[in-house]
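Before any comments, here is the structure.
What follows draws every value from the coordinates through simple rules; no lab data is involved. Note that this is a predicted model, so its numbers are computed, not measured. Note: ideal-geometry Cβ built from the backbone for every residue, glycine included; neighbour counts use all protein chains shown.
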Amino acid sequence: MDPRGIYYPLKELKDRYDLPLYITENGVADREDQYREWWLDETIEGMREALEYGVDLRGYMHWSLLDNFEWGEGYWPRFGLTTKGRKIKESGWYYRDLIKGISLEKM
């Protein structure tokens, strides 16, 4: 797993198409919610590097707000920032604080 590696496809898309980009799904399955904060930090660093390179990155949507039912696996994997009962996980609170502190001007 290399969330910071998001930089490389963003760079490649800029070099090939040079169009505005939106990341519509990005996250990690984490049953115990122990890696998601790290994943978010590393992903944001990869996006920051892409912005410095000149990528016109206009949005990021975390995958997903809620843990959901997957037909092949049931209630695993757990991707959400909240439980299926809508209780906010520690990583959900972390993400809230993280995005509050990001200055787009610095990116």
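Give a quick list of trypsin sites (Lys or Arg not before Pro) in the stretch 16-47 that DSSP marks as loop, anything other than H, G, I, E or B, with at most 12 other Cβ atoms within 10 Å. Intermediate results must be reported in sequence, preceding the final value.
Details: sites: R16, R31, R36; in loops: R31.
Taking the stretch 16-47 and a limit of 12 other Cβ atoms within 10 Å, the loop trypsin sites (Lys or Arg not before Pro) found are R31.
Given axes a ≥ b ≥ c from the Cα gyration tensor, I'd like to know whether the stretch 1-53 is rounded (a/c under 1.5), prolate (a/b larger than b/c) or oblate.
Here the stretch 1-53 falls in the prolate category.
Starting with the highest mean, order 82-94, 44-56 by the number of other Cβ atoms within 10 Å, averaged over the residues of each peptide.
The packing order, highest mean first, is 44-56, 82-94.
Provide, in order from the shortest bin, the percent of all Cα-Cα pairs of the chain in each 10 Å bin, continuing until the bin that contains the maximum pair distance.
The distribution over the chain is 14, 43, 30, 12, 0, given as percents.
So how far apart, in nm, are the two label points at R58 and E12 if each is 7 Å from Cα heading toward Cβ?
So the label points at R58 and E12 sit 2.3 nm apart.
Just check the stretch 30-79 against the gyration tensor rule for me: Cα atoms, a ≥ b ≥ c as the square roots of the eigenvalues, rounded for a/c under 1.5, and otherwise prolate or oblate depending on whether a/b exceeds b/c.
It is prolate, given that a/c is not under 1.5 and a/b is the larger ratio.
For L65 and Y22, calculate 0.36 nm times their separation in residues minus their Cα-Cα distance, and state this gained length in nm to one decimal.
Separation in residues times 0.36 nm, less the Cα-Cα distance, equals 13.8 nm.
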